[in-house]
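What follows is a set of notes on a single structure, which appears directly below.
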Amino acid sequence: MNLQPLIEIRNVVKVYSSEAGDFTALRGVDLDIRRGEFLGIVGKSGAGKSTLLNMLTGVDHATSGEVVVRAEKEVYIHRLDEDELALWRGQTMGVVYQSFQLLPMLTLLENVMLPMDLCGLYSPRKSRERALELLRLVEIDEHANKLPAFISGGQQQRVAIARALANDPAILVADEPTGSLDSVTADHIFDLFEKLVESGKTIVMVTHDSGLTPRFSRHLVIADGQIVAEHADKLLEVGKLDAMEERLRTFPEPVAAPQEAEDGETAEEAEPGPIVRAWPQDKPEKKKKKTKEGKKEKKKKKSGKKEKPE
Ligand SMILES: Nc1ncnc2c1ncn2[C@@H]1O[C@H](COP(=O)(O)OP(=O)(O)OP(=O)(O)O)[C@@H](O)[C@H]1O
Ligand SMILES: [Mg+2]
C-alpha cells in the first residue's frame, strides 16, 4: 500500500501578470490529498479556488512550488511538457471546469466521447456506448445529439460531468459542478459523487454551497490565496484512515488469522483463516463478568416482568 499522499502540493505560489501589474492568487499553498478522500474547497469569490484546482490538474503552471500526483506512477506535473501532460491528465483525472468548456461544434455525445477517443482506452463503438451510458447517468441522454448551444447551462454542466467521467479516472476534480443546477439535480449529482468515492475514487470539489460541507470527508477554506481553515467533516472516517495507516506502518506483515476450532476439532486441525493483518494493539473485547445483579436482571427481562414504580 502506498502511504504517500495521492496529491502533494508544496509551497505553490501563483502570480498572474498582466498590464495592470502582478497579482498573487496563491501564496505558498501546502496540501496533501489522500486516496479515497472527498475533499471540499470553499471560499469567497476571487479567493483562489479555481487557481488552486488549475495547479493540481496542471491546466496552468505554478509560478513556484511543486505538485506531485501518485495515481499509477509518481508524476511531478509541472515537469511534463504540454503533450505529455494532456495525455496523463486524460487518463488520470476527470476535470469539470467552472465554465464547462464543452466544444461548441460537437454534439453532447461527441463531447463525452472525445476524451475516450483521444486516450484510446476504448474502441470507437465502446466509447459511443459508454458516452450514452454516462449521459443517461446524468439524465441528459435524450439530448445526446444536440449541440451545447441548444441546451441550458445546468444541462451543459451535467454533460461536463459526464465527460469528466469518460475515462473512468482515479481522480475527479470539479469546480462548482452543481453551481448551475436546481437543488434536486444537485443532490442527484452529489449522490453520484458519493458513490464514486465509495467505489475508491478521490474527488476534489469546489463549492459555494456551505450546506454541502458536512457531506465531504474534509473541507478547506481558502481566503486571499491561502488555506485558512481545515475541517474534518466525517471525523470517524478520517480518524479511521489515520489509524489504519499508522497500523500498516507499525505492523505490515500479513499473517493467517486464527480460526476457532469447530466441535470435536483441535485448534491445530482447524482450517487456517483468511490472510489478514494482525494488529498488536487490538485487544479482544473482554467479556462482561457475570455478577449476581446481572443474572437477576437477565432473568427479569426473560420473564417480561416490568419493574414496579417505587
Ligand atoms: N488569468 C488571470 N489573470 C489575472 N488575474 C487572474 C486571472 N485568473 C484569476 N485571476 C485573479 O486571481 C484571483 C483568484 O481567482 P480564482 O479564479 O482562482 O478565484 P475563485 O476563488 O475561483 O473565485 P470564484 O468563486 O468567483 O470562481 C482573483 O482575484 C482573480 O481576479
Ligand atoms: Mg472559481
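In table form, for the structure just shown:
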{"read-out": "Accessible-area order (highest first, 1.4 angstrom probe) of the listed residues K146, K201, K44, K195", "value": "K44, K195, K146, K201"}
{"read-out": "Accessible surface ranking that places the most exposed of M205, M105 first, with a 1.4 angstrom probe", "value": "M105, M205"}
{"read-out": "Estimated vicinal HN-Hα couplings, Hz - the range 181-197 in sequence order (Karplus 6.51, -1.76, 1.60; Gly, Pro = x)", "value": "9, 5, 5, 5, 5, 4, 5, 4, 5, 5, 4, 4, 4, 4, 5, 5, 5"}
{"read-out": "Pairs beyond 31 Å (Cα-Cα), from K73/K126; K44/K234; K14/K126; K126/K234; K73/K146", "value": "K14/K126; K126/K234; K73/K146"}
{"read-out": "Surface accessible to a 1.4 Å probe, H61 within the full protein complex, Å²", "value": "80"}
{"read-out": "Nearest-20 debye value, the range 151-201 charge dipole, Cβ charges on Lys, Arg, Asp, Glu", "value": "200"}
{"read-out": "Solvent-accessible heavy-atom area per residue, rounded to whole Å², over the range 16-87 at 1.4 Å", "value": "51"}
{"read-out": "Exposure of E129 as accessible area (Å², to 10), given a probe of 1.4 Å and all protein chains", "value": "80"}
{"read-out": "Test item: Cα-centred dipole of the range 1-79, Lys/Arg +1 and Asp/Glu -1 on Cβ, debye", "value": "160"}
{"read-out": "Shape category assigned to the range 105-200 from the gyration tensor of Cα positions, a/c cut at 1.5", "value": "oblate"}
{"read-out": "Accessible-area value, D175, 1.4 Å probe, nucleic acids and ligands omitted, Å²", "value": "10"}
{"read-out": "Largest-first ordering by accessible area, 1.4 Å probe, given options R128, R215", "value": "R128, R215"}
{"read-out": "Share of carbon and sulfur in the accessible heavy-atom surface of the range 28-117 [1.4 Å probe, %]", "value": "50"}
{"read-out": "Alpha-carbon Rg/Rh ratio, for the range 18-144, with Rh computed the Kirkwood way", "value": "1.00"}
{"read-out": "Contact order relative to length of the range 34-87, as percent, for alpha carbon pairs under 8 angstrom and 6 or more apart", "value": "19"}
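The values are calculated or read from the model by the stated rules, or taken from the named source; none is laboratory data. Bear in mind that the values here come from a model prediction, so they are computed numbers and not experimental data. Backbone-built Cβ (ideal geometry, glycine too); neighbour counts: all protein chains shown. For the accessible areas, the whole protein counts, side chains as well, though only heavy atoms, and no ligand, DNA or RNA atoms are used. Shrake-Rupley method; radii C 1.70, N 1.55, O 1.52, S 1.80 Å.
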